[in-house]
Structure formats: C-alpha cells, structure tokens
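The values are calculated or read from the model by the stated rules, or taken from the named source; none is laboratory data. Keep in mind that this is a model prediction, so the values were computed, not measured. All Cβ positions, even for glycine, are placed from backbone atoms using ideal geometry, and neighbour counts span all protein chains on display.
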Amino acid sequence: MKKMETEVKFYLDDVPSVRERICQLGAVSQGRFFERNLRFEDAHKTLKAKKSLLRLRQDNKARLTFKSKP
C-alpha cells in the first residue's frame, strides 16, 4: 500500500484552551524548537508548474523532502 500524507490546518481562536485540552488527553509538550525550511526551484519554475515542492528542512536533524500531487 502506498503511503500518502494528509495535512490539515485549522485557525484557532483560543490556543491556550486547545493546548490545555490536548494535555488533559495525555499529550506531553516537547517544548518549542526552531526549524528552517529551504525551498528549491529551477529557473523555469518546473516544480511550481507541477504543483510540487523540493524542500530541505532542518531542526535537530535535516531532511530532504519532495511533495507532489499523487
């Protein structure tokens, strides 16, 4: 079976109450961290035209990721 990533984003009016509820459900905060994202593209914007993304993400480790439509 092919893996597929799904990402959902929500606008939160009350972040503290959501954070508190998540902790009540047993989650433990790992603290804040900074991540750097570098996006790559060629001069012809080939990736953008294909709705694709090549990204180097760095936090405590580095990952090169490629995203595209299935």
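Before moving on, here are some points about what is shown:
- Subset of the range 47-61 that is exposed (fewer than 11 other Cβ atoms within 10 Å of the Cβ) and either within 24 Å of Thr6 (Cβ to Cβ) or at pLDDT 95 or above (or both) - its residue that is nearest to the chain's Cα centre (by Cα): Lys61
- So Glu41, is it loosely packed, with under 10 Cβ neighbours inside 10 Å and either touching a strand residue (DSSP E or B) at 6+ places or on another chain (Cβ under 7 Å) or among the acidic types (Asp, Glu) (or both): no
Residue-by-condition table, conditions (1) at pLDDT 95 or above; (2) closer than 21 Å to Asn60 by Cβ; (3) not basic (Lys, Arg):
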residue: Met1; (1), (2), (3): no, no, yes
residue: Met4; (1), (2), (3): no, no, yes
residue: Phe10; (1), (2), (3): no, no, yes
residue: Ser17; (1), (2), (3): yes, no, yes
residue: Arg21; (1), (2), (3): yes, no, no
residue: Gly26; (1), (2), (3): yes, no, yes
residue: Gly31; (1), (2), (3): no, yes, yes
residue: Phe40; (1), (2), (3): yes, no, yes
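- Scan of the range 25-69 for residues that are part of a loop (DSSP other than H, G, I, E, B) and among the aliphatic types (A, V, I, L, M), ordered by number: Leu25, Ala27, Val28, Ala43
- Among all positions in the range 44-54, there is at least one residue which is touching a strand residue (DSSP E or B) at 6+ places or on another chain (Cβ under 9 Å) and without any contact (Cβ under 8 Å) to a residue 12 or more places away in the chain.
- Within the range 16-38, the set of residues being surrounded by 10 or more Cβ atoms within 10 Å (Cβ to Cβ) and of a type in the set (A, V, I, L, M, F, W, C) comprises Val18, Ile22, Cys23, Ala27, Leu38.
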